[in-house]
Amino acid sequence: MLQEQDQKMKEREKQKDFNLEKQHGEIIGTYEEIYGHKTSIDVENIFQQCKDQIKKVLVLGRAGIGKSTFCQYVTYRWAKGELWSEYKLVILIRLRRLTDNRYPPRKEGKEYSLIDLVKKEYSPCEDLSAEQTQHFKELCKNRQVLWILDGYDEFAQNIPEQLKDVFDHVRETQHHILTSRPYAIKSSYDVKLEITGFTNDNIVKYVEQFFVQITKEINNDSSVTKKLLRLLKSNSSIWGVAHIPVNLELICSLWSNNDWTETTVLTITVLYDNIIEWQCKRHLARQNIEHKHMTKQAVYKRCDVELQFLERLAFKAMDYNKIMLTPAILIEAENDIGCCDVDLEQLLKMGILKSYDDKAIGTQNQTEKQHYFVHLSFQEHLAARHLLSILMSTDKVKAINFINNNKYNQRFHFVFVFASGLLSQSHYKSCIESFWSTVQGEPIDLVGVKHIQLTIACIDELINGTLDFPQRAQLIKSITHWLEYCALHNAKALKTHIIQSLQQTNVLLKTTIIQNTFPQLLQSNEPVEKRNIYDFIKQLSIAEPTEKFKNKILADIAEPDSYIRMNVCQVLGNFGESTATNDVIAALINATRDEDSDVRSAACEALGKLGEKAATNEAIAALINATRDEDFLVQMGASEAFRKLAEKAANNEVVAALLNVMRDEESYFRIGACEALGELGEKAATNEVVAALLNAMRDEESYVRMGACEALGELGEKAATNEVIAALLNATRDKDYHVRREACQALRKLGEKAATKEVINSVINYKQNTRDKDSHVRWNACEALGKLGEKALTNEVVAALLNAMRDEDSYVRMRACEAFRNLAEKAATNEVIATLINATRDEIYGVRWRACEALGNLGAKAAANEVIAALINATRNEDSDVRWKACEALGKLGEKAATYEVIAALMNATRDADSYGRREACQALRR
């Protein structure tokens, strides 16, 4: 039967055109899948792969991953003159705003045009002049406009008929970037990018910075950071979720407001349920209702009307396929709950629902506005709550029909996943059997893949909660049948989809019944069959194997088939730090001496994944020995594994081994050793390490020299010796610009300790630095001068920075402004002031606002009439950042700047369209 299903699956996929929906599992699966199989790219370079004259880029990303933030970021950087200067205009369009309400059908079926979009989105209260309109049309005709179309997934199913032509016109004839959640796109793009969210390091840094900020505001226990990170890393579910920035912010906020010290498992449903509870408590607090000692159910009961309204509204929006909620839908939801007492103004303050126009709450009757949930995931969670409420009611047939009609519709996938997770709560337990009977009943997906994928996702969300329900055993058994078939057969299409679903699970692969399936399968004596089984297992993330499973894998490391031995090493490595026992480490060490090079390479890689526990003397010796292997791939694997262990355990043995690698004849390993020592930071700042890095500064290979410079910069103040500084000074004159750049950065990182006369003279040597052919070196030199502190404030430094202010590269001019800002009042010479005044009129916004900022930091010494006049003029600049930085600067100039003209300019700025401008103007007036 399953063979027939696999064949049907293959035939179906052959008939499909390019459709990203079928890649859903691959694209929006776990963080590890996405990030592990992509190549990073700098935002400046995203158009380089475009083959056609019309540049089109598709940007994909999961909900909350940062697609809208990306759109704002690139638009902002373009406005600052920092990228894509070939475009005269960049237009950001939020596609969810293109609704029938805002763009009603016109008389005689007249279509909307590009200029109509611009007028509506950017100049709704003031008509564009004929000259402006003509100029815009010419820019579009000459293809000098870049359109950024954000949120196709919120627009695709409800494109107003009268906007279809203009939307297609933009996509077919204009340069554009289109963002979307993956499942919504069915159009082919040559260039597809994906926003992957935070990296592992980003998560750690964000959590640390979040709680540093919290501890400044309240007397918070700093250990909460470590506790939270420990929970995140120990739970694959929440660790995957945490790579989405908006989710990590919510997790940190919840953690700081709840005692979760005993929590060991945190599912998506539990996370969102806690967020809803938290928002309800804040809602009660605003009404002066005491809630500290309330249970969750008591809190929900006090907010029953609000929650019922939000749940019905979310469900209707999902059912109608609406992101933007019209007044009619709001009224319908009110009528459904039989209550007209819903206070929308108070409801908006809960932070879950938002009014469309973003104006202050109370400026217009809320029932006349369009609304939307702050994130689609909230809409999905609340819709799931309502679905279960219907299933528990006398109108349960409506819920059953909804599930039957939509259970294989990708758009409702997370509604059903949330619903399954909610079943573990006592309030919803009564409908467990109804829910699962409906999901498992007819109609059933003909091939069966979509059905088992839904089953896997839903059972995984529930399995750690309420397990005692009639269908449980049957559901788990059906999953094991699919596992058995995929492991035993070369059914590629089926395997791909099942693996994708299993990779997204959090608890399912940890269960004994699932894990026991694999040792049973591995009893096979058929070599081909066993190879297929291992090919399947090695693609699964099983972080906590049972002892039975681990021992069976370990026993197979002695298999005569080298392919199986290689796979055993890969599986042991995938198990990770939880299985870094003496017997596993010893087996892998022995495998580094295997007769087959693929086995040796896999063993090295596996040791690198086992973490600090694997950093034993024996393991280090084995990896060092493997770096001299006759096979280059083994050498590379051993070197990379050694670096990973070195980062985990900076003990004397590791450092000694790295120093030994520094003398290797292969440059690849010398580079890796430099990088590893740099990553160890101050812990590795011994005399021997510094001496080895100094020697590497003279290496014939430029990348080794570059790595040595970078490493010295990371070693901290202990490395700021005369000999190190002299070597870095010499490197600023290196023939390779990468080395020169890293030398400047290293001197900057060493800070004022490195601010000797020799350093300063070297950095300001504009023949080699501030006038270097490579602009990166020039602006790094400027940045270094600004970071060296007051000791660096010599006439030569000022002259070099003044020269950099005239650089053809805007980045260099920006960094020179920043350097003057850091050097503050002591740099306030007449020539510096005159140059900064001139920079307030620079063609690049980023230079203008930094010049204003620098003038403000020069203090009262800069309060000359010419400076004041330049800053007053800047308060009227077309760029908002320039305007508010000018206001800020005027406030810092002291009493001399308290003239009638300054006060008038600041009073005018209090009416600025930009909130930062208004704020800085008010603060300046108070000074």
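The values are calculated or read from the model by the stated rules, or taken from the named source; none is laboratory data. A quick note: this is a predicted structure, and the numbers were derived from the prediction, not measured. For neighbour counting, all protein chains shown are included, and Cβ atoms are generated from backbone atoms with ideal geometry for every residue, glycine included. Heavy atoms of the whole protein, side chains included, go into the accessibility calculation; ligands, DNA and RNA do not. Shrake-Rupley method; radii C 1.70, N 1.55, O 1.52, S 1.80 Å.
Out of curiosity, is E618 at pLDDT below 85 and either open to solvent by 60 Å² or more (accessible area, probe 1.4 Å) or not in a helix (DSSP H, G or I) (or both)? No, not satisfied. Report yes if some residue within the range 881-893 is assigned to a loop (DSSP other than H, G, I, E, B) and open to solvent by 20 Å² or more (accessible area, probe 1.4 Å); otherwise report no. No, the conditions are met nowhere in the range 881-893. Pairing residues of the range 292-304 that are in contact (Cβ under 8 Å) with a residue 40 or more places away in the chain and in the same structural domain as G338 (by the TED database) with residues that are part of a helix (DSSP H, G or I) and open to solvent by 90 Å² or more (accessible area, probe 1.4 Å), at Cβ distances under 8 Å and at least 6 apart in sequence or on separate chains, gives Q297/H427. Taking (1) among the hydroxyl-bearing types (S, T, Y); (2) within 30 Å of H381 (Cβ to Cβ); (3) in contact with a helix residue (DSSP H, G or I) (Cβ under 8 Å, 6 or more places away or on another chain) in turn, Y87 satisfies each apart from (2).
Exactly one residue out of G707, G637 is within 27 Å of R733 (Cβ to Cβ) and crowded, with 16+ Cβ neighbours inside 10 Å, and it is G707.
Residues in the range 714-732 that are closer than 10 Å to A685 by Cα, in a helix (DSSP H, G or I) and either outside the structural domain of V690 (by the TED database) or open to solvent by 10 Å² or more (accessible area, probe 1.4 Å) (or both): E714, E717, K718. Checking L376, L348, L344, L330 one by one, the residue that is at pLDDT 75 or above and either open to solvent by less than 20 Å² (accessible area, probe 1.4 Å) or touching a strand residue (DSSP E or B) at 6+ places or on another chain (Cβ under 6 Å) (or both) is L330 and no other.
Could you tell me which of the residues A650, A691, A646 is at pLDDT below 80, under 26 Å from Q745 (Cβ atoms) and either open to solvent by 20 Å² or more (accessible area, probe 1.4 Å) or in a loop (DSSP other than H, G, I, E, B) (or both)? Before you say what the answer is, go through the steps one by one.
On the way: A691 fails: at pLDDT below 80; A646 fails: either open to solvent by 20 Å² or more (accessible area, probe 1.4 Å) or in a loop (DSSP other than H, G, I, E, B) (or both).
Step by step, each of A650, A691, A646 is checked, and only A650 is at pLDDT below 80, under 26 Å from Q745 (Cβ atoms) and either open to solvent by 20 Å² or more (accessible area, probe 1.4 Å) or in a loop (DSSP other than H, G, I, E, B) (or both).
Among L623, L572, which is the only one that is part of a helix (DSSP H, G or I) and farther than 25 Å from F518 by Cα? Walk me through how you get there before you give the answer.
On the way: L572 fails: farther than 25 Å from F518 by Cα.
Answer to the check: L623.
Q515 meets each of the listed conditions (1) surrounded by fewer than 21 Cβ atoms within 10 Å (Cβ to Cβ); (2) out of contact with any helix residue (DSSP H, G or I) (no Cβ under 6 Å at 6 or more places or on another chain) apart from (2). I'd like to verify a number: residues in the range 405-435 that are more than 35 Å from the chain's Cα centre (by Cα) and either within 29 Å of A491 (Cα to Cα) or not in a helix (DSSP H, G or I) (or both), how many? Residues that pass the stated criteria total 0. Looking across S85, S68, one residue alone is part of a helix (DSSP H, G or I) and modelled with pLDDT of 80 or more. It is S68.
Here the range 879-923 is the region considered, the condition is being out of contact with any Phe, Trp or Tyr (no Cβ under 9 Å at 6 or more places or on another chain) and of a type in the set (V, I, T), and the residue that is modelled with the lowest pLDDT is T899. Remark: pairs (first residue in the range 896-920, assigned by the TED database to the domain that holds W884; second residue outside any helix (DSSP H, G or I); Cβ separation under 7 Å; 6+ apart in sequence or on different chains) = K896/A863; A897/A863; A905/T875; A909/T875; R918/T910; R918/D912. For the range 595-607, the criterion of being touching a Leu at 6+ places or on another chain (Cβ under 6 Å), without any contact (Cβ under 8 Å) to a residue 40 or more places away in the chain and farther than 13 Å from K644 by Cα is satisfied by at least one residue. Report yes if Q539 is at pLDDT 85 or above, in contact with a Leu (Cβ under 8 Å, 6 or more places away or on another chain) and either surrounded by 16 or more Cβ atoms within 10 Å (Cβ to Cβ) or β-branched (V, I, T) (or both), otherwise no. For Q539, the condition - at pLDDT 85 or above, in contact with a Leu (Cβ under 8 Å, 6 or more places away or on another chain) and either surrounded by 16 or more Cβ atoms within 10 Å (Cβ to Cβ) or β-branched (V, I, T) (or both) - is not met.
When you go through A869, A824 one by one, which is the residue that is open to solvent by 20 Å² or more (accessible area, probe 1.4 Å), modelled with pLDDT under 85, over 21 Å from R77 (Cα atoms) and part of a helix (DSSP H, G or I)? If you could, list the steps in order and put the result at the bottom.
Values: A869 fails: modelled with pLDDT under 85.
Matching residue, one of A869, A824: A824.
Within the range 89-103, residues that are farther than 12 Å from Q370 by Cβ and part of a strand (DSSP E or B) have Cβ atoms under 9 Å from residues that are of a type in the set (F, W, Y) and open to solvent by less than 20 Å² (accessible area, probe 1.4 Å) in these pairs: L89/F136; V90/W84; V90/W147; I91/W147; L92/W147; I93/W147, counting only partners at least 6 apart in sequence or on another chain. When S478, S437 are checked against the criterion of being out of contact with any Asp or Glu (no Cβ under 9 Å at 6 or more places or on another chain), within 28 Å of P527 (Cα to Cα) and not β-branched (V, I, T), S478 stands alone in meeting it. Apart from one condition, D912 fits all of (1) part of a loop (DSSP other than H, G, I, E, B); (2) open to solvent by 60 Å² or more (accessible area, probe 1.4 Å); the exception is (2).
Number of residues in the range 439-463 that are surrounded by fewer than 21 Cβ atoms within 10 Å (Cβ to Cβ) and either in contact with a Pro (Cβ under 6 Å, 6 or more places away or on another chain) or part of a loop (DSSP other than H, G, I, E, B) (or both) equals 8. The set of residues from the range 61-94 being of a type outside the set (G, A, S), within 20 Å of I323 (Cα to Cα) and touching a strand residue (DSSP E or B) at 6+ places or on another chain (Cβ under 6 Å) comprises K67, C71, L92, I93, R94.
Taking the residues in the range 834-859 that are part of a loop (DSSP other than H, G, I, E, B) and open to solvent by less than 20 Å² (accessible area, probe 1.4 Å) as candidates, determine which candidate is modelled with the lowest pLDDT. Explain how you work it out, then say what you get.
Step one: list which residues in the range 834-859 are part of a loop (DSSP other than H, G, I, E, B), which gives 840-844, 858.
Narrowing further to those that are open to solvent by less than 20 Å² (accessible area, probe 1.4 Å): 840, 858.
Numbers: T840: 91, L858: 80.
Filtering first and then ranking leaves L858.
Has the range 122-133 got at least one residue that is open to solvent by less than 90 Å² (accessible area, probe 1.4 Å), under 35 Å from the mean Cα position of the chain (by Cα) and of a type outside the set (V, I, T)? Yes, there is a match, as at least one residue in the range 122-133 is open to solvent by less than 90 Å² (accessible area, probe 1.4 Å), under 35 Å from the mean Cα position of the chain (by Cα) and of a type outside the set (V, I, T).
What number of residues within the range 534-544 are of a type outside the set (D, E) and more than 15 Å from L522 (Cα to Cα)?
Qualifying residue count, the range 534-544: 5.
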